[in-house]
Amino acid sequence: MRIVSDSLLFRCFVVVVGLTLVIWILRGLTVLSFMPGLVLWLGIFLSIALGLLTAWQSSKRW
C-alpha cells in the first residue's frame with residue numbers, strides 16, 4: 001500500500017496528529033490544564049478518521 005504524500009488528506013492527517021500530540025504533551029505538563037478533555041478526544045477521533053480515509057484513498061487505483 002502506497003501513501004501519496006502530496007494528497008491534501010494526508011497533509012491534514014499529519015497536521016491533526018501533530019496538534020493532538022502537542023496538546024496531549026502540554027496538558028500532561030499542566031501548561032494547558034485549563035483545556036477540557038473533550039478537545040483531546042476530538043483530536044484523537046479526528047486523527048483516526050483521517051488516517052482511515054487516507055488509507056482508503058491510497059488504496060484506490062486511479
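Computed values, structure above
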read-out	value
Between 0 and 90°, nearest 10: helix 8-28 axis offset from the chain longest Cα axis	20 degrees
Heavy-atom SASA rank of PHE45, PHE10 (probe 1.4 Å, accessible area, largest first)	PHE45, PHE10
Read-out P(r) over Cα pairs in 5 Å bins from 0, in percent, derived from the coordinates shown; its label in (i) 4, 19, 24, 18, 13, 10, 8, 4, 1, 0; (ii) 4, 17, 21, 19, 18, 13, 6, 2; (iii) 3, 14, 8, 10, 8, 7, 8, 6, 7, 5, 5, 5, 4, 3, 3, 2, 2, 1	(i)
Rounded tilt (10° steps) of 37-59 against the dominant C-alpha axis of the chain	10 degrees
Surface share of carbon and sulfur [accessible, 1.4 angstrom probe, percent] for the chain	75 percent
Loop trypsin sites (Lys or Arg not before Pro), segment 1-60, which have at most 15 other Cβ atoms in a 10 Å radius of their Cβ (DSSP)	ARG2, LYS60
Solvent-accessible area per residue for the chain (1.4 angstrom probe, square angstrom)	80 Å²
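The values are calculated or read from the model by the stated rules, or taken from the named source; none is laboratory data. Keep in mind that what you see is a predicted model, and the values were worked out from it rather than measured. When we count neighbours, we look across all protein chains shown, and the Cβ atoms used for this are built from the backbone with ideal geometry, even at glycine. Side chains included, ligands, DNA and RNA excluded: accessible areas come from the protein's heavy atoms. Shrake-Rupley method; radii C 1.70, N 1.55, O 1.52, S 1.80 Å.
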